[in-house]
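Here the structure is laid out as structure tokens; the discussion comes afterwards.
The values are calculated or read from the model by the stated rules, or taken from the named source; none is laboratory data. Because the structure is a prediction, the values reported are computed rather than measured. All Cβ positions, even for glycine, are placed from backbone atoms using ideal geometry, and neighbour counts span all protein chains on display. Surface areas here come from the heavy atoms of the whole protein model, side chains and all, with no ligands, DNA or RNA. Shrake-Rupley method; radii C 1.70, N 1.55, O 1.52, S 1.80 Å.
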Amino acid sequence: MKLDTRVHFAGQKIRSAASVLLSGMALVTSTCAYAQTQASPDQPATKQPAQLETVIVTGNRPELNNIPMQATFSESTITPEAILNITPSPATTIQTLLNTQPSIYATTGATNGMETSIKFRSFSDGEFGETVAGVPLNDIFNSGVTYQADNRNNVLFITRDLDSVNIYRGVNNPAVNTYNSLGGTINYIPRQPTANAGGDVGVDFGSFGTIDYHATINTGNWHGIKQTASFESDDSQGWLQNTSDRNLNFYYAGNANLGSNSDGFGYFVYNRNHGNAPQFIPQNILNNKVDFQWPTNLYRSDNLDKNYLGILGFKTEVGSVLTIENAAYAGDNNYTRTSFSNPNYAGPYFIDDQGSGYPFWAGYTGYDGFTKFPYTGAQAYGESTGSSGYGCAPTCAFAGTDYHFYGYDGSIYGDRLKITAELPNNTVTGGGDLNYGRLHSREYWYGSSNMPMTAGYNDAWDEHDTRTMWSLYAQDNIHFWDDRAHITPGVKYISARTKDVDALGFYYSSPGPDSGSESFVSPTIGASLEPIPNFTVYAAYGKNVKFPDITAFYNAVAGSNTAPIVVKPEFAQDYELGVRYKAGTFTAALNGYQEDFSHIIFSSATAAGFTQYQNGGSERYRGVEMQLTDELGHFLVGAWKGYVNASYNEAICTSLTKSDLTGQSCQSGQSLPNVPKVLANAGLIWDFSGWHVDVQAQYVGSQGLASYFTGLPIAPGELEPGQRTQIPSYFLVSAGVIKVVPLKWELAKAARFALHVDNLFDKRYFSSAQVNIRNLDATGANQAEDFYGLSGEPIAVFGSIAIYF
């Protein structure tokens, strides 16, 4: 992503509680195809309790019961039960699913995962790792997973594709962390095929014109081969004006017995998302109409994202000690956006992708529409010619800037190896990962949607990049004293080689290549001790890096007259201390952490007016995380369970960071923006005779605003009077009711009905916000800055029905 001419805006569409309730009284399925209870191969397919367990899970819903008491790092799990019973809302994604965890804050800008944003312990998307089955999901060039490089509707996995999720906080053990693991690592476990043949079909519908349908089939265990395949189509008009979206998802998983000691496995997912992304809307407009979006005659955009990932591997046991696992993977994300911004709009607000109405690139040094583009090309687009036979002078050589195209096509190919040796008092793990990526990123402007795409003519940039990343690690889990003491030293070597090649464009009057290499040795160590039964104390330390994104390599081709600044990796050092306690069905965990973040990459302006990236400043992230869960038992009627978790996260600058681009700075001791200091979750679950009731509450504390251009905090007095300086806190409650009805049909075994209500009390809130330009003068300088926000999902009702076979 270049120096963005793209500024995002969004508004919101809030329906009345009455209309939402009327639209959602039907019942539709919220299942994840199958409750990932891994039935054993010898389990009878006709066993009725197992069939009911497939469609309603009454097991341990919350996360803490799955934390290993002896773990030397801060860990937790989202169980299959939690995934199975979530709402089928278009506001639910695999990232927002993580909101039940301490220190994780995920929001979605609109329906079906549009503009999903996530923070983990104050770290932004791209500063922590996300993997599926251990395979990296982070974009190899721009680090993020869902919204990197302005990929507004980048969706790959949906919740129906998942079995469970493992969360590792901090700079964790090398055996599970991945690239960019500063704040931690989130590993999604893909849904597995079942041993019994079967399937389901279902439909979900409700608020915002939402209609989803899905189907799943399991082949069962056929000669040692188990397979599952599913399809889901999600359509919604969204809770905001002009933000309709359709998402299609295809998922496959299979595993095969390759012998007495070996198994093969494979996963494949393809996702296609097509819709209109929301735009951040100024506070002055949202005060009167919270669901406002720019009318289509003023602004509109067409977003299409096609994404796939395939994994193929094997696992084999060598003797009684050694286990070898290897997986090859390949994927691609192809995102395109064509937007229209009316050049006749005169303000007072800045509209995203808005051209200036004239060929603003023509005045750049070394860039002349008269001499750079031959007559034959200009004639093809109906433009006049000069006497030299070339396109006419810059005043008429270009057709305008009403339409904007942005394309981002990134692919990755890789292989990962893991070798485990189970010794009497040690578990030694080693392995590595090697991947190679290619990227074609480009941006073009023109006066019509049917635009030419000619580098050196109407492009802002057109670049081709490659990057190779690889790692090697070794880790030991030394355990003794009847498994009550554990020490886990580990080390990981990470390396990256990057090359960027830019064609002539108005960002780069001196195009050309740039390349660089980085490497780092990441040490970690953890220890846990169980001094008394069911009570564990643990501590850990680790250090890791995030390599610079591809944007850092633009310094060499950005037209600066001075030597380009070489950008170094960002560093994080993590310190953990925690305790865990278990008594019967009650589990409690408490931990504190500190992460020192340094060599932070930020943007500034050169003397020639270009943007460049550089390292500078340091920050400190510090917090406390608490989790409680209990199976409360049987009383009154049915079985009850409950959980509570909370976190306090403080993020401050520990040295001066200043952007020459805007003059904004973060002073030592100043709080960082977009970090809710207080997060809390609570849930109550009731099961009785095929009924399942689930009530969840989420509290998100207030958070300061950031400048769109720098990401730095907004100082008091920087905004106009009356403008917000922070995103206010909010409290949301959601509820779900599920009923399973056994069927005695020849094929159908059970029916599952559900009713879910999101935002039960219709709380009006901002899911995200930022500070943006309000207006520009003739020189392009800022005249004022305003609060621009995205409103969250209002009260919404969804029903579901599914038939299981």
- Message: Show the residue pairs meeting these rules: Cβ distance below 6 Å; 6+ apart or different chains; first residue within region 501-518 and of a type in the set (Ser, Thr, Tyr) and in a strand (DSSP E or B); second residue at pLDDT 80 or above and surrounded by 17 or more Cβ atoms within 10 Å (Cβ to Cβ).
- Response: Tyr508/Asp502
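Restricting attention to region 213-221, does a residue exist that is among the aliphatic types (A, V, I, L, M) and either buried (at least 22 other Cβ atoms within 10 Å of the Cβ) or in contact (Cβ under 8 Å) with a residue 24 or more places away in the chain (or both)?
So far as region 213-221 goes, no, none of its residues is among the aliphatic types (A, V, I, L, M) and either buried (at least 22 other Cβ atoms within 10 Å of the Cβ) or in contact (Cβ under 8 Å) with a residue 24 or more places away in the chain (or both).
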- Query: Among (1) open to solvent by 30 Å² or more (accessible area, probe 1.4 Å); (2) farther than 18 Å from Asp161 by Cα; (3) of a type outside the set (Lys, Arg), which single condition is Leu248 missing?
  - Reply: (2)
- Message: I need the strands (runs of 3 or more DSSP E) fully contained in region 565-682, keeping only those with at least 1 residues that are under 25 Å from the mean Cα position of the chain (by Cα) and surrounded by 22 or more Cβ atoms within 10 Å (Cβ to Cβ).
- Response: 570-583, 586-598, 618-634, 639-653
- Message: For region 277-292, give me each residue that is open to solvent by 40 Å² or more (accessible area, probe 1.4 Å) and in contact with a Lys or Arg (Cβ under 7 Å, 6 or more places away or on another chain).
- Response: Val290
- Query: Being in contact with a Leu (Cβ under 8 Å, 6 or more places away or on another chain) and either open to solvent by less than 10 Å² (accessible area, probe 1.4 Å) or under 19 Å from Gly113 (Cα atoms) (or both), is that true of even one residue in region 222-229?
  - Reply: no
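What tally of residues in region 717-744 results from selecting those that are of a type outside the set (S, T, N, Q) and either assigned to a strand (DSSP E or B) or modelled with pLDDT of 85 or more (or both)?
16
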- Task: Test Asp125 against the criterion of being under 10 Å from the mean Cα position of the chain (by Cα) and of a type in the set (D, E, K, R), and give yes or no.
- Result: yes
- Which strands (runs of 3 or more DSSP E) sit wholly inside region 116-177 and have at least 3 residues that are open to solvent by less than 10 Å² (accessible area, probe 1.4 Å)? 129-132, 162-169
- Evaluate the following for Glu325: is it over 27 Å from Leu156 (Cα atoms) and charged (D, E, K, R)? no
- Residue list for region 178-211, filter: part of a loop (DSSP other than H, G, I, E, B) and either open to solvent by 10 Å² or more (accessible area, probe 1.4 Å) or over 30 Å from Val797 (Cβ atoms) (or both): Thr178, Tyr179, Asn180, Ser181, Leu182, Gly183, Gln192, Pro193, Thr194, Ala195, Asn196, Ala197
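Going through region 255-301 one residue at a time, which ones are assigned to a strand (DSSP E or B) and under 30 Å from Lys763 (Cα atoms)?
Of all residues in region 255-301, those assigned to a strand (DSSP E or B) come to 255-257, 262-275, 280-282, 299-301.
Within region 255-301, Asn273, His274, Gly275, Phe280, Ile281, Pro282, Tyr299, Arg300, Ser301 qualify.
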- Identify, by number, the condition in (1) over 30 Å from Ala175 (Cα atoms); (2) more than 23 Å from the chain's Cα centre (by Cα) that Thr323 doesn't meet. (1)
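Going by the structure shown, is Gly431 assigned to a strand (DSSP E or B) and either without any contact (Cβ under 8 Å) to a residue 12 or more places away in the chain or under 30 Å from Tyr581 (Cβ atoms) (or both)?
The answer is no for Gly431.
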- Message: Among the residues of region 460-498, what is the count of those that are open to solvent by 40 Å² or more (accessible area, probe 1.4 Å) and either assigned to a loop (DSSP other than H, G, I, E, B) or in contact with a His (Cβ under 9 Å, 6 or more places away or on another chain) (or both)?
- Response: 9
- Residues of region 692-713 being open to solvent by 20 Å² or more (accessible area, probe 1.4 Å) and of a type in the set (A, V, I, L, M), in sequence order, are Val693, Val695, Ala697
- Note on the structure: Residue hits (region 261-311; farther than 28 Å from Arg160 by Cα, aromatic (Phe, Trp, Tyr) and touching an Asp or Glu at 6+ places or on another chain (Cβ under 7 Å)) are Tyr299
- Taking region 683-716 and keeping only residues that are over 27 Å from Arg121 (Cβ atoms) and in a loop (DSSP other than H, G, I, E, B), one is left with Ser689, Gly690
- Task: Name every residue in region 293-333 that is open to solvent by 40 Å² or more (accessible area, probe 1.4 Å) and closer than 28 Å to Phe405 by Cβ, in order of residue number.
- Result: Pro295, Thr296, Asn297, Arg300, Asp302, Lys306, Tyr308
- Message: For a quick check of your reading of the model, give me the residue pairs whose first member lies in region 623-651 and is within 14 Å of Pro676 (Cα to Cα), whose second is β-branched (Val, Ile, Thr) and crowded, with 17+ Cβ neighbours inside 10 Å, with beta-carbon atoms closer than 9 Å and at least 6 apart or on different chains.
- Response: Ser647/Ile104; Asn649/Val675; Glu650/Val675; Ala651/Val675
- Query: Do you know which residues across region 715-774 are surrounded by 19 or more Cβ atoms within 10 Å (Cβ to Cβ), hydroxyl-bearing (Ser, Thr, Tyr) and closer than 15 Å to Gly701 by Cα?
  - Reply: Tyr765, Ser767, Ser768
